[in-house]
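Before any comments, here is the structure.
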Amino acid sequence: MLTLLIAVGAFVGYLVAYHTYGRWLSGKIFNLDSEAVVPSRELEDGVDFVPTKKEVIFGHHFTSIAGTGPIVGPAIAVFWGWLPALLWVLLGSIFIGAVHDFGALVVSLRNRGQTVGEVAGRLISPRARVLFLVILAMALTVVLAIFGLVIASIFADYPESVLPVWISLPIAVGIGIWVYRRGGGLLVPSLVALVVMYVAVWVGAYHLPLDLESMLGVTRLGPFPNTVMIWTIVLLIYCFVASVLPVWLLLQPRDYINSHQLVLALGLLLLGVFVAGATGQADLVASAPAISKDIPVDAPPIWPFLFITIACGAVSGFHCLVSSGTSSKQVSNEMDAQYVGYGAMLLEGGLAVIVILACCAGVGMGKFDRSGSGAAYTYSPVMVQAGESETQLAGKSAWRTRYDPAKGWGAFKLGAKVGAFIEGGGNFLAALGMPLKLGIAVIAVLVASFAATTLDTATRLQRYVLQELAGTFRITPLTNKYAATGLAVGLGGLVAMIPSGNLGPGSGGLILWPLFGATNQLLAGLAFMVTAFYLWRRNKPVIFVVVPMIVMLIMPAWAMLWNMFHSGGWWDKSDHLLMSFGVATLVVQAWMIVEGLLLWPRVRGIREEALPSLEAVQPAAGGH
């Protein structure tokens, strides 16, 4: 019953937060104005700046920010127990993450759709702008390499997900042409597309799993070629094409279709949680410890790593790039900013809550078997205590099989992280009477679709950042969107292709994975700094921004330093690549903080320099 109460309580809490704290931010702090001129109308170009209905932009924004972050992060963090993860997700998403995303979106809306890095140049200093853009470029390179690896790994491990993910692309293009060139409606075609996608899920699960390993006779990871490497290359080629096309042709309709698919899958998961919790099939307390005392010796400390491990479900610096990079260029009315910026983050927090329940209570249902036979896990005598019921024994055994501390922290690889959610989510859907094999396919498509939208959005964002840097340093060729996109894809692919140990090409994202969490969260702290300066210069209250900013500057830096200098860390291992990235990130962060501290006492109530008139600049705000 606790499983059910947590799920219901979390979503009720998010609704209350949206209509109280979110409304206060909209009306009293940011003073949203329905008559304000927004970038999508002021700079409309039919490619990047496109006025869009709030339901459509919500779909794009939510699917782009979610990715696999709120899945992988909680799936790791429950290693320390489900209670700390749950508290950080609930409190973090309401008071930190949603404020971060909302603030970045509003600041960008009022600065002609510029990214937070570009805005930092006027709010703080020109040097701060360059520093911020450098951090963004580094972070996005890591994102492209890692998310390419994530999706490629899902396609390799769950070949039933390949067909439905790829079939959505031509459907999206057709819908984009139908809506924007023929003037047709969007809702009915998108619902038809949803039906087609779920038919494709069934076909992929039972009739046409596209398994390159067996089709091409290659290994999953290892010598050239391997399935993960092949899928990574295909995905990066797709990203190049998707990120240079007009947003209305692929990105908007694809994300709108995906948002329907994702919301339906989440709805099914919630219903599965309700049934499994109400019937006693899922028992959170019996399945996993609230606070685990059996932690591997090689695991990092929960403090500060909880705040780094769970990023997207609570707060993520990557979100400021989506808010200010693509969403602010499509919002058609400033009043939609709360719905898009604050609301989407709360829904992502709800997803993270479901992931925590799936990875504990769902996994604890103990039904999953990759062969589809539904065999239960065997009991683990280590977990047996006097007086425990059969349900408790089975639940603990299943969870222990997935989260066995004896295997060590290092053994908990990417496939296990994603697999824990797919396994637990499939068990929740099985509680509804859905065949387990089909349930696994539905959840695998859910994860791959989330990651795919993040991947191509990140490519488009990297293009913006590289163009801005090229303009600053007068590297004229890179101001061209095709050249900048090619460099973005090339950098991500180069990192992804670096062999990690003996895993072969295509595993390079694993090398920089330890940097991702800390760099991502440091970015959130710096984005908070930009929002704080925006409000400070307007004599607005800033304490609700400054406190999260301090948290998101201290915790990631602490984690980065621990990774670098703890016994057995990067320094001891002479890991020059990670040390170099880590030192560079911390130096740039410290430099920007110093810039901010020197300026802060002098600018309260003093507006930043106004943007130049449109007649004096290029219509697309820097060639975007």
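What the table shows:
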| item | result |
| --- | --- |
| Considering residues of region 205-226 that are part of a helix (DSSP H, G or I) and of a type in the set (S, T, Y) only, the residue surrounded by the most Cβ atoms within 10 Å (Cβ to Cβ) | Y206 |
| Filter pass, F428 being in contact with a Leu (Cβ under 9 Å, 6 or more places away or on another chain), modelled with pLDDT under 80 and assigned to a helix (DSSP H, G or I) | no |
| Tabulated pairs, region 526-542, first farther than 12 Å from H100 by Cα, second aromatic (F, W, Y) and surrounded by fewer than 24 Cβ atoms within 10 Å (Cβ to Cβ), C-beta under 7 angstrom, 6+ apart or interchain | V542/W536 |
| From the options G174, G185, residue that is modelled with pLDDT under 90 and out of contact with any helix residue (DSSP H, G or I) (no Cβ under 7 Å at 6 or more places or on another chain) | G185 |
| Whichever residue in region 1-38 is surrounded by 12 or more Cβ atoms within 10 Å (Cβ to Cβ) and among the polar types (S, T, N, Q) and, among such residues, is farthest from I543 (Cα to Cα) | T3 |
| Single residue of region 225-242 satisfying the filter (closer than 15 Å to L494 by Cα and not β-branched (V, I, T)) that is modelled with the lowest pLDDT | M229 |
| Residue in region 528-541 that is in a helix (DSSP H, G or I) and surrounded by fewer than 16 Cβ atoms within 10 Å (Cβ to Cβ) present | no |
| Which listed residue, of A137, A193, A120, is on the phi < 0 side of the Ramachandran plot, in a helix (DSSP H, G or I), among the hydrophobic types (A, V, I, L, M, F, W, C) and touching a His at 6+ places or on another chain (Cβ under 9 Å) | A193 |
| Residue identified as closer than 30 Å to P435 by Cβ, at pLDDT 85 or above and assigned to a loop (DSSP other than H, G, I, E, B) among G350, G313 | G313 |
| Test result for V594, modelled with pLDDT of 90 or more, part of a helix (DSSP H, G or I) and of a type in the set (A, V, I, L, M) | yes |
| Matching option when the condition is closer than 26 Å to T326 by Cβ and out of contact with any strand residue (DSSP E or B) (no Cβ under 6 Å at 6 or more places or on another chain), among G217, G183, G222, G204 | G183 |
| Among (1) crowded, with 24+ Cβ neighbours inside 10 Å; (2) farther than 23 Å from L599 by Cα - the single one V107 does not satisfy | (2) |
| Residue within region 433-452 that is crowded, with 24+ Cβ neighbours inside 10 Å and either more than 26 Å from V165 (Cα to Cα) or hydroxyl-bearing (S, T, Y) (or both) present | yes |
| Residue in region 390-401 that is of a type outside the set (A, V, I, L, M, F, W, C), at pLDDT below 80, crowded, with 24+ Cβ neighbours inside 10 Å and in a helix (DSSP H, G or I) present | yes |
| Some residue of region 467-480 being under 30 Å from Y198 (Cα atoms), among the acidic types (D, E) and assigned to a helix (DSSP H, G or I) | no |
| Residue, surrounded by the fewest Cβ atoms within 10 Å (Cβ to Cβ), within region 110-135, restricted to residues that are of a type in the set (A, V, I, L, M, F, W, C) and more than 24 Å from the chain's Cα centre (by Cα) | V130 |
| Number of the condition not met by A85 [criteria: (1) touching a Cys at 6+ places or on another chain (Cβ under 7 Å); (2) farther than 20 Å from G525 by Cβ; (3) modelled with pLDDT of 95 or more] | (1) |
| Breaking point among (1) over 18 Å from F528 (Cα atoms); (2) aliphatic (A, V, I, L, M); (3) touching a residue at least 12 places away in the same chain (Cβ under 8 Å), for L87 | (3) |
| Residue list for region 258-275, restricted to those being aliphatic (A, V, I, L, M), more than 13 Å from F450 (Cβ to Cβ) and out of contact with any Phe, Trp or Tyr (no Cβ under 6 Å at 6 or more places or on another chain) | L264, L268, L270, L271, V275 |
| Filter pass, L105 being in contact (Cβ under 8 Å) with a residue 60 or more places away in the chain and either more than 26 Å from A448 (Cβ to Cβ) or among the hydroxyl-bearing types (S, T, Y) (or both) | yes |
| Segments classed as helices (runs of 4 or more DSSP H), wholly inside region 8-83, with at least 1 members that are out of contact with any Ser or Thr (no Cβ under 9 Å at 6 or more places or on another chain) and touching a residue at least 12 places away in the same chain (Cβ under 8 Å) | 39-42, 69-77 |
| Single residue of region 563-603 satisfying the filter (out of contact with any Leu (no Cβ under 8 Å at 6 or more places or on another chain) and hydroxyl-bearing (S, T, Y)) that is surrounded by the most Cβ atoms within 10 Å (Cβ to Cβ) | S580 |
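The values are calculated or read from the model by the stated rules, or taken from the named source; none is laboratory data. Here the structure is a predicted model, which is why all the values come from computation and not from measurement. Cβ sites come from the backbone with ideal geometry, for glycine too, and all protein chains shown count toward neighbours.
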